[in-house]
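Colleague: This is the structure I want to talk about, given as structure tokens.
None of the figures in this text is laboratory data; all of them are computed from the coordinates on show. None of the values given here were measured: they were computed from a predicted structure. All Cβ positions, even for glycine, are placed from backbone atoms using ideal geometry, and neighbour counts span all protein chains on display.
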Amino acid sequence: MKAVVVTQPGGPETLQIADVPTPEPGPDEVLVRVHATALNRADTYQRRGHYPPPEGAPETLGLEMAGTVAETGHRVVDWSEGDRVFSLLPGGGYAEAVCVDADMLMALPPGLSMEEAAALPEVFLTAYQALHWLGGLQPDHRVLIHAGASGVGTAAVQLTRLADAHPYVTASAPKHDVCTALGAEAAIDYESESFADRIDAITDGAGVHIILDFIGAPYFHDNVASLAVDGRIVQLATMGGATVDGVSLRDLMAKRVQLLATTLRSRHPAYKIDLTHEFAADVLPRFVDGDLEPVIDSVMDWREVAAAHRRMENNDNAGKIVLRVLEEA
């Protein structure tokens, strides 16, 4: 089969499509013919040599996909050839086929295209885990979502709204309309405004209950200042730096701050299976109802993968960049 390979760690120009062995499904696995995959920041870090895949995961980039079942392992009973499925992956999505644990697969919701389904797993499962499993999201909670126009950000805005809570976002000014259209009650321009000051004004000094943060060190002190008492920071990445200077534990104790750092890719398969099953049961039907939607910035042919990576690294996208691998029949 063909797959995107990284010829050597470096820039987008190191991405090429080449012939690689087609994987064979194990007893509990399904071989899926990939129709579409989508970009995540982790792909760009792995391409540069900074984020190796977990042990046992494919070296090929790609943390999510949508496609059709091509072959099943001999112990698989829930899926059959031709089924339209999508899934979170530990890697391997940038390819014509990938093997997936059968318990990780979800059936495509009626009315969604392969491209739309490929844009769901990584960002919605990450946002669901962060808000519900870690953040303890409740109705009327106030939630600050940094990088609100990113894939996880747009998912988190929708899930917060769906829980009858109040989403606020930071994003560059040109992306505010995307966020407010999804339900963000306030959009803060991180380039020209202090988000701590805006949150203080919006909440009359009460602060927010949950903060989802991808930036890290540069936002830490203002995050603490923006929290309500007993508030939670869910740290999903450290794109701006990982070392925070001048941390006062007393500031954290004064508000009883909870700092929860998490990654999803390195989690045990059983954890990801439980998360997938809960999401499929509780959230996936809302895509059929129209209460939730995948937010797609662009759909590109997978032969344009280098250009897609450049678009993400330039922060030009609002929502998901999807790669079409195989046209639907």
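Colleague: List the trypsin sites (Lys or Arg not before Pro) in region 60-145 that DSSP assigns to loop (not H, G, I, E or B) and whose Cβ has at most 10 other Cβ atoms within 10 Å. Which are they?
Modeller: Values: sites: 75, 84, 142; in loops: 75.
Sparse-neighbourhood loop trypsin sites (Lys or Arg not before Pro): 75.
Colleague: Rounded to the nearest 5, what is the percent of antiparallel bridges among the DSSP beta bridges in the chain? Before the final figure, lay out each step's value.
Modeller: Numbers: 28 of 54 bridges.
DSSP beta bridges in the chain are roughly 50 percent antiparallel.
Colleague: At most 12 other Cβ atoms within 10 Å and a DSSP loop assignment: could you name the GluC sites (Glu not before Pro) in region 74-162 that fit? Show your work: numbers first, answer last.
Modeller: Values: sites: 81, 96, 115, 116, 122; in loops: 81, 96.
Taking region 74-162 and a limit of 12 other Cβ atoms within 10 Å, the loop GluC sites (Glu not before Pro) found are 81.
Colleague: Given a 10 angstrom Cα cut-off, can you work out which residue in 156, 254, 118 is the most mobile in a GNM of the chain?
Modeller: Taking springs between Cα atoms under 10 Å, the residue moving most is 254.
Colleague: Continuing with the same structure: Work the Kirkwood hydrodynamic radius out for the chain: mean of 1/r over every pair of different alpha-carbon atoms, inverted, in Å. Mind showing how you got there, number by number?
Modeller: On the way: mean 1/r = 0.0494 Å⁻¹.
Roughly 20.2 Å, rounded to one decimal.
Colleague: Of all GluC sites (Glu not before Pro) in region 190-293, which ones are in loop regions per DSSP and have a Cβ with at most 11 other Cβ atoms within 10 Å? Walk me through the numbers before you get to the answer.
Modeller: Details: sites: 191, 193, 278; in loops: 191, 193.
Here the sparse-neighbourhood loop sites are 191.
Colleague: How many angstrom lie between the Cα centre of region 104-138 and the Cα centre of region 221-257?
Modeller: 27 Å
Colleague: In addition: Count the net charge of all other residues whose Cβ sits under 10 Å from the Cβ of residue 294, scoring Lys and Arg as +1 and Asp and Glu as -1. Walk me through the numbers before you get to the answer.
Modeller: Details: positive: 320; negative: 115, 116, 293.
The answer is -2.
Colleague: Moving on to the next point. Give me a comma-separated list of calculated 3J(HN,Hα) values for region 212-219, in order, Karplus coefficients 6.51, -1.76, 1.60 applied at θ = phi - 60°, integers in Hz, x for any Gly or Pro.
Modeller: Once rounded to whole Hz, the list reads 9, 10, 10, 8, x, 3, x, 9.
Colleague: Can I ask one more? Taking 0.36 nm per residue of sequence separation and subtracting the Cα-Cα distance, how much length would be gained by fully extending the chain between residue 249 and residue 310, in nm to one decimal? All intermediate terms of the calculation are to be shown ahead of the outcome.
Modeller: Details: separation 61, 0.36 × 61 = 21.96 nm, distance 3.96 nm.
Gain on extension, residue 249 to residue 310, equals 18.0 nm.
Colleague: Using only Cα atoms, locate the centre of region 21-93 and the centre of region 149-204, then give the distance between them in Å, rounded to an integer.
Modeller: With region 21-93 and region 149-204 each reduced to a Cα centre, they are spaced 32 Å.
Colleague: Using just the C-alpha positions of region 64-157 as equal point scatterers, what log10 of I(q)/I(0) does the Debye formula give at each q in 0.11, 0.17 1/Å?
Modeller: Debye output, listed in q order: -0.39, -0.80.
Colleague: To continue, here is another question. Report ³J(HN,Hα) in whole Hz for each residue of region 189-200, in order, from the Karplus equation J = 6.51 cos²θ - 1.76 cosθ + 1.60 where θ = phi - 60°; Gly and Pro get x.
Modeller: Those phi angles translate into 7, 5, 7, 10, 10, 8, 5, 5, 5, 5, 5, 4 Hz.
Colleague: Expressed in nm², what is the orientationally averaged projection area of the convex hull enclosing the Cα positions of region 124-261?
Modeller: Averaging across all directions leaves 7.3 nm² for the Cα convex hull.
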